[in-house]
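Notes follow once the structure below has been shown.
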Amino acid sequence: METMQAIRARRSVRKYKKGAPVAREQIERLLEAAMLAPSAVNSRPWEFVVTDKEEILQKLIEAHPASRMLLTASWAIAVCGRPDLQPKHNFWQQDCAAAVENILLAAADMGLGICWCGCYPAEPRTGAVKEVLGVDSVPVALIAVGVPDEAPAQKGFYDPAKVKFL
């Protein structure tokens with residue numbers, strides 16, 4: 001798939017085929033895509049927590065009520081920021097968002113369904129997810145991953161009214 005095709009194909013999928021297999025190798029490809037994202041001074045201020053354990057997925061839903069699609073997703077990927085890795089900069093949030101977007105586009109290319117659920121800076125959500133994950137880093141996003149059981153319509157579009165050429 002070409003880049004623009006993947007961008008146009010990307011959707012937020014909230015319904016997955018429960019129990020449909022998504023191979024660990026596919027998840028590792030998504031993580032590779034994430035770690036190829038740009039970051040300020042190449043600090044790579046992120047870490048990832050990945051699970052397919054139903055009991056952990058359920059705890060994440062309780063910690064983050066907007067992540068109910070994890071009920072049928074095969075995996076959850078938590079993208080967590082490490083501000084300590086950017087002592088002279090404060091771009092870790094943007095860097096983690098770039099990693100998230102790479103995951104989303106790679107998943108679209110692979111035919112997987114995904115949904116980005118934001119965590120940071122929304123409290124108490126961030127703290128609750130952090131506790132479930134058992135990390136010291138900052139949960140920026142949860143990403144549900146699975147085999148889609150729906151085909152949402154495209155919502156994004158080019159709007160020239162939002163562009164100012166100088």
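Nothing in this text is a laboratory measurement; each read-out follows from the coordinates by a stated rule. None of these values were measured; they are calculated from a predicted model. Please note: Cβ atoms are built from the backbone with ideal geometry, for glycine as well, and neighbour counts cover all protein chains shown.
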Are there any helices in the chain, counted as whole DSSP H runs, that stretch 18 Å or more along their axis by Cα and score at least -0.5 on average by Kyte-Doolittle, and if so which? 92-110
For the stretch 1-70, Rg(Cα) over 2.2 N^0.38 Å is 1.35
Across GLY19, GLY81, GLY146, the residue with the highest GNM fluctuation in the chain (Cα network, 10 Å cutoff) is GLY19
For the stretch 3-150, I need the span (max minus min coordinate) of the C-alpha atoms along each principal axis, in Å, sorted largest to smallest. 44, 36, 23
Cross-link candidates for LYS130: which lysines have Cα within less than 22 Å, leaving aside residues fewer than 8 places away along the same chain? LYS53, LYS59
Which of ALA73, ALA153, ALA128 fluctuates most in a GNM of the chain (C-alpha springs under 10 Å)? That residue is ALA153
Net lengthening on full extension, LYS155/GLU62 (0.36 nm per residue, minus Cα-Cα): 30.7 nm
Förster radius 41 Å - calculated FRET efficiency between PHE165 and MET35, Cβ distance, rounded to 0.05: 0.75
